[in-house]
Amino acid sequence: MTIGIARHVRSKLKLIACEAAELPIVRLVAEPLYRRAFQRPFQEGNAYYGVFDSYDQARAEVPTSLSPTYDVAGAGNMYTDRIDRIRVSDYPMVYWLSRLVQAGQRRIFDLGGHIGISYYGFRRHVQYPEDLRWLVHDVPAVTAAGRERARELDPEQRLSFTDSREAADGHDVLVCSGALQYLDYTLSELLGRLTTPPQHILVNLTPMHPTRSYFTIQNMGVAACPYRVMAVPEFVGAVESLGYTVVDRWESLERDLRIPFFASYSIDRYYGFYFRLDHAGSSTRMNEPVDTSCKKVNRAA
Ligand SMILES: C[S@@+](CC[C@H](N)C(=O)[O-])C[C@H]1O[C@@H](n2cnc3c(N)ncnc32)[C@H](O)[C@@H]1O
């Protein structure tokens, strides 16, 4: 059996197990078994456990055998395959970032930007001007690895790192790809604390549910972290309440989230947004939005 077929069979089995687990009798037996299996690092992608009301509740349920944060040595070595390539779901980000850079935006703040994965991957597609500056905020173990890698990979020295999320203050564009879900604060809470919040916000690959906000725990091997899923209307409403408007939104169908024993909390896509703060006298007005999305969402949805 080839590795590909073996993987396919395993993922089918996982799906069947997820669905069978919804039956009350099966659940009685399967849940403690699953909880026990969840205590080990999950090596084939991600596994999820439980539904919780708060970050702290989820964190209290992380197995003591696993790190509850990304702030571990191995985290800086993840995703390195993306230094030289982007994913299908990155294209809306690349599109909007290109337009913003062309329109004169120069200071990019990358929330949860890892070792600068997006900075490196996007530079094959976005022409970075000499004076572009890209600041990554991430956990200390990852920013340390990022500074080390940048010595070799960023001779132009556009990329830098900070341990302070408030360093977002005064930046032109905040980008955040696949990271909001790990934070113990929301995007709107961060933006609300800034004196000069970024005018442009590009959010990508964020797990959201049509109606429910909750936390689960994601076991990704190097760690098992509290994982936030927000209801789409709550997320959008909170950012809009700060004066931003949605310029574009898209859905990425290549990511989903299945939580055994909690079928109604599962999601079959991740979300992306471009928000713009239209304060008076703004110098950068982009044209009307163009359909750049992997799959366009009805604005009223
Ligand atoms: C799935 S990775 C996404 C990385 C990158 N943005 C990308 O596009 O692939 C999640 C990132 O969030 C970071 N992260 C997790 N907890 C964080 C925190 N409390 N503050 C800042 N970054 C955090 C992780 O270290 C990791 O780099």
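Quick note: the coordinates plus some simple rules give every number you see, no bench work behind them. Just so you know, these numbers come straight off a predicted model, no measurement behind them. Ideal geometry is used to build each Cβ from the backbone, glycine not excepted, and the neighbour counts take in all protein chains shown.
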Residue 204, sole failed condition from (1) within 20 Å of residue 242 (Cβ to Cβ); (2) away from the ligand (no atom under 12 Å from the Cβ): (2)
Condition check: in a strand (DSSP E or B), in contact with an Asp or Glu (Cβ under 7 Å, 6 or more places away or on another chain) and buried (at least 19 other Cβ atoms within 10 Å of the Cβ). Does residue 274 satisfy that? yes
Counted residues in the stretch 207-233 being surrounded by 16 or more Cβ atoms within 10 Å (Cβ to Cβ) and not in a loop (DSSP other than H, G, I, E, B) come to 17
Just to check your reading of the model, which residue among 28, 33, 66, 97 is in contact with a strand residue (DSSP E or B) (Cβ under 9 Å, 6 or more places away or on another chain) and either of a type in the set (Val, Ile, Thr) or part of a helix (DSSP H, G or I) (or both)? 97
Checking residue 176 against (1) of a type in the set (A, V, I, L, M, F, W, C); (2) within 13 Å of the ligand (Cβ to nearest atom); (3) surrounded by fewer than 22 Cβ atoms within 10 Å (Cβ to Cβ), only one condition comes out false. Which one? (3)
All positions within the stretch 231-253 that are more than 18 Å from the chain's Cα centre (by Cα) and under 17 Å from residue 178 (Cα atoms): none
